[in-house]
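Here's the structure we're looking at; comments come further down.
The values are calculated or read from the model by the stated rules, or taken from the named source; none is laboratory data. These numbers come from a predicted model, not from an experiment. Methodologically, a virtual Cβ is constructed for each residue, glycine included, from the backbone with ideal geometry; neighbour enumeration extends over all protein chains shown.
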Amino acid sequence: MTGLSFAGRAVRRPGRRRRGAGRAGALAVVVAAGLAASGLAACATGDQAADLFAVTRSGTVPDADLTVIPRSDGTVSCVGKRHLLPGLLLIQAEDLQPELESPASHAVTLPSGPRPVMTYSVLTPGGHFSYSDDSPGQPLAFKDLSYFVTEVARQVCGLPR
């Protein structure tokens, strides 16, 4: 079995054997000890589509908690199901992906500001990073990512925020 796949590369999970070559069922994957502490879990399948990135959003308002995983095949996983990603949101996800690599490779953790509502934990092929909606000094890519997650939640996952 493989874990998250990034950029067409499957991340092998040691000690696992593939049962039935044609089976592509969804698996829950806990990603690295540090990420497990932050509660980031992602879904993976046995097919060749790569996860662009994974975002776990949590917060103090109803319907804040959500994990969004856009994939290179034009789908997104949210609320435990895979959905088609509308064209403009797919383009946004593909445009965001390279912008997220630098903060992930440097394991950026921005402190929250005085009144955070949403907190984001992001996993990419190059690492992970986290921030809150009111973190001072956020780069534009973080604000764009927050907007992307909100739009996927509304347009695809059927959530109000």
- request: Check off (1) crowded, with 18+ Cβ neighbours inside 10 Å; (2) among the hydrophobic types (A, V, I, L, M, F, W, C); (3) without any contact (Cβ under 8 Å) to a residue 40 or more places away in the chain for I91 and give me the number that stays unchecked.
  value: (1)
query: On the given criteria, is D63 at pLDDT below 95 and of a type in the set (D, E, K, R)?
result: yes
Residue match in region 91-98 (condition: within 13 Å of V55 (Cβ to Cβ) and charged (D, E, K, R)): no
task: Tell me, please, whether a residue that is in a helix (DSSP H, G or I), over 13 Å from the mean Cα position of the chain (by Cα) and of a type outside the set (S, T, Y) can be found in region 101-118.
output: yes
message: Looking only at region 111-132, how many residues end up being buried (at least 19 other Cβ atoms within 10 Å of the Cβ) and in contact with a Phe, Trp or Tyr (Cβ under 9 Å, 6 or more places away or on another chain)?
response: 11
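Looking at S58, S135, S146, can you tell me which residue is assigned to a loop (DSSP other than H, G, I, E, B) and in contact (Cβ under 8 Å) with a residue 24 or more places away in the chain?
None of the others qualify; the one that does is S135.
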message: For region 59-74, give me the residue count where each residue is more than 21 Å from K143 (Cα to Cα) and surrounded by fewer than 17 Cβ atoms within 10 Å (Cβ to Cβ).
response: 2
- prompt: Hey, among S135, S77, which residue is closer than 17 Å to Q155 by Cα, hydroxyl-bearing (S, T, Y) and either within 13 Å of the chain's Cα centre (by Cα) or buried (at least 17 other Cβ atoms within 10 Å of the Cβ) (or both)?
  reply: S77
task: Check off (1) in a strand (DSSP E or B); (2) modelled with pLDDT of 60 or more; (3) surrounded by fewer than 16 Cβ atoms within 10 Å (Cβ to Cβ) for A28 and give me the number that stays unchecked.
output: (2)
